[in-house]
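These notes concern the structure reproduced below.
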Amino acid sequence: VQLQASGGGLVQAGGSLRLSCAASGRTFDTHAMAWFRQAPGKEREFVGAITWRGDDTYYSESVKGRFTISRDNAKNLVSLQMNSLKPEDTAVYYCAAEHEFRKALIDYKYTYWGQGTLVTVSS
């Protein structure tokens, strides 16, 4: 699975941004998808994930209620809608894919990664 993230940019605090991740490969719908982020000087952290069929989602406490993950398996696309953005959301955001259930939704360890897209939230 190859992943291409897009949609990053500069936004003011309180604003919204939508990230997209386009996947190649016919096995997209057998992979859980996730978003991670890495802020300057910090370790990469889990943001959220969505199951293979899109029937369940998981979020970190820091984004729960503000961010929403969705996917369209017909288009091989996963999105991250980010609302009520805060300066602390500033980071490079990565999409990732994983086939194995435990790795994807328990351990949050992903095999396939996109190149990242920068989100900057100004105060």
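The values are calculated or read from the model by the stated rules, or taken from the named source; none is laboratory data. All values reported here derive from a predicted model rather than from experimental measurement. A quick note on method: Cβ atoms are made from the backbone with ideal geometry, for glycine too, and the neighbour counts reach across all protein chains shown. For accessibility, only protein heavy atoms count, side chains too; no ligands or nucleic acids. Shrake-Rupley method; radii C 1.70, N 1.55, O 1.52, S 1.80 Å.
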Condition test on VAL78, is it surrounded by 14 or more Cβ atoms within 10 Å (Cβ to Cβ), out of contact with any Leu (no Cβ under 7 Å at 6 or more places or on another chain), among the hydrophobic types (A, V, I, L, M, F, W, C) and modelled with pLDDT of 95 or more?
yes
Condition met for ARG37 (under 22 Å from THR120 (Cβ atoms) and touching an Asp or Glu at 6+ places or on another chain (Cβ under 7 Å))
yes
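Can you find, within the range 8-24, the residue that is nearest to the chain's Cα centre (by Cα) among those that are open to solvent by 40 Å² or more (accessible area, probe 1.4 Å), farther than 18 Å from SER62 by Cβ and not basic (Lys, Arg)?
Across the range 8-24, the extreme among qualifying residues is ALA22.
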Return the pair list, or none, for Cβ contacts closer than 7 Å from residues in the range 94-123 that are more than 20 Å from SER24 (Cα to Cα) to residues that are loosely packed, with under 14 Cβ neighbours inside 10 Å and at pLDDT below 95, at least 6 apart or on different chains.
LYS103/LYS109
So which residues in the range 104-123 are hydroxyl-bearing (Ser, Thr, Tyr) and open to solvent by 60 Å² or more (accessible area, probe 1.4 Å), if there are any at all?
TYR108, THR111, TYR112, SER123
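Going through ALA34, ALA49 one at a time, which residue ends up being in contact (Cβ under 8 Å) with a residue 60 or more places away in the chain, buried (at least 17 other Cβ atoms within 10 Å of the Cβ), among the hydrophobic types (A, V, I, L, M, F, W, C) and under 15 Å from TYR110 (Cα atoms)?
Working: ALA49 fails: in contact (Cβ under 8 Å) with a residue 60 or more places away in the chain.
None of the other options fit; the residue is ALA34.
Mind listing whichever residues of the range 87-123 are hydrophobic (A, V, I, L, M, F, W, C), within 18 Å of GLY54 (Cβ to Cβ) and not in a strand (DSSP E or B)? Let's see the steps before the verdict.
Of the residues in the range 87-123, the ones hydrophobic (A, V, I, L, M, F, W, C) are 91-92, 95-97, 101, 104-106, 113, 118-119, 121.
Pick out the ones that are also within 18 Å of GLY54 (Cβ to Cβ) and you get 95-97, 101, 104-105.
Of everything in the range 87-123, those that are hydrophobic (A, V, I, L, M, F, W, C), within 18 Å of GLY54 (Cβ to Cβ) and not in a strand (DSSP E or B) turn out to be PHE101, ALA104, LEU105.
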List pairs: first in the range 52-80 and touching a residue at least 12 places away in the same chain (Cβ under 8 Å), second open to solvent by 60 Å² or more (accessible area, probe 1.4 Å) and β-branched (Val, Ile, Thr), Cβ under 8 Å, 6+ apart or cross-chain?
THR57/THR68; LEU80/THR68
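So which of PHE67, PHE101 is over 16 Å from LEU118 (Cβ atoms) and open to solvent by less than 10 Å² (accessible area, probe 1.4 Å)? Before the answer, list the steps.
Details: PHE101 fails: open to solvent by less than 10 Å² (accessible area, probe 1.4 Å).
That would be PHE67, the only listed residue that is over 16 Å from LEU118 (Cβ atoms) and open to solvent by less than 10 Å² (accessible area, probe 1.4 Å).
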If I ask for residues that are under 19 Å from ALA22 (Cβ atoms) and among the polar types (S, T, N, Q), which ones from the range 58-80 would you list?
THR68, SER70, ASN73, ASN76, SER79
